[in-house]
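*Asks:* Pasting a structure here, questions to come.
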């Protein structure tokens, strides 16, 4: 379901895929994040057929103009996991709020594993 808000210029609608693109870019630029991993089996099948999903490893839910984001990732070994998670949370919150103009209620980072 797309994010919707209105202001003096009219109604604004932002798709979940657009927000997922922002989250993916921020996550891959964050130090210590090796890659985002599939949270659904269908994403794994898409990789086999070279149809990678934009929202792979990202779950976005909107309720009453508040955004809830879950990120599933692999972290590089040898880094402080808590520092990477906190850095990723704050970066995602900042960039999504600047992109959408809406409040991010929570960002949950799920570390699925380590990448050597």
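The values are calculated or read from the model by the stated rules, or taken from the named source; none is laboratory data. All of these numbers come straight from a predicted model, not from anything done at the bench. No Cβ is skipped: glycine too gets one built from the backbone with ideal geometry, and neighbour counts run over all protein chains shown.
*Asks:* Tell me, which residue of the range 82-104 that is touching a residue at least 40 places away in the same chain (Cβ under 8 Å) and over 12 Å from the mean Cα position of the chain (by Cα) is nearest to residue 14 (Cα to Cα)?
*Replies:* Selected residue: 100.
*Asks:* Just give me the residues in the range 7-17 being in contact with a strand residue (DSSP E or B) (Cβ under 9 Å, 6 or more places away or on another chain), part of a strand (DSSP E or B) and either on the phi > 0 side of the Ramachandran plot or surrounded by 10 or more Cβ atoms within 10 Å (Cβ to Cβ) (or both), in sequence order.
*Replies:* Selection gives 12, 13, 14.
*Asks:* Just to verify a result, which residue in the range 62-73, among those that are surrounded by fewer than 17 Cβ atoms within 10 Å (Cβ to Cβ) and modelled with pLDDT of 90 or more, is farthest from residue 13 (Cα to Cα)?
*Replies:* 70
*Asks:* Given the options 114, 88, name the one that is under 15 Å from residue 35 (Cβ atoms) and assigned to a strand (DSSP E or B).
*Replies:* Among 114, 88, only 114 is under 15 Å from residue 35 (Cβ atoms) and assigned to a strand (DSSP E or B).
*Asks:* Ok, one more. Among the residues of the range 105-116, which ones are within 30 Å of residue 11 (Cα to Cα) and surrounded by 13 or more Cβ atoms within 10 Å (Cβ to Cβ)?
*Replies:* 105, 107
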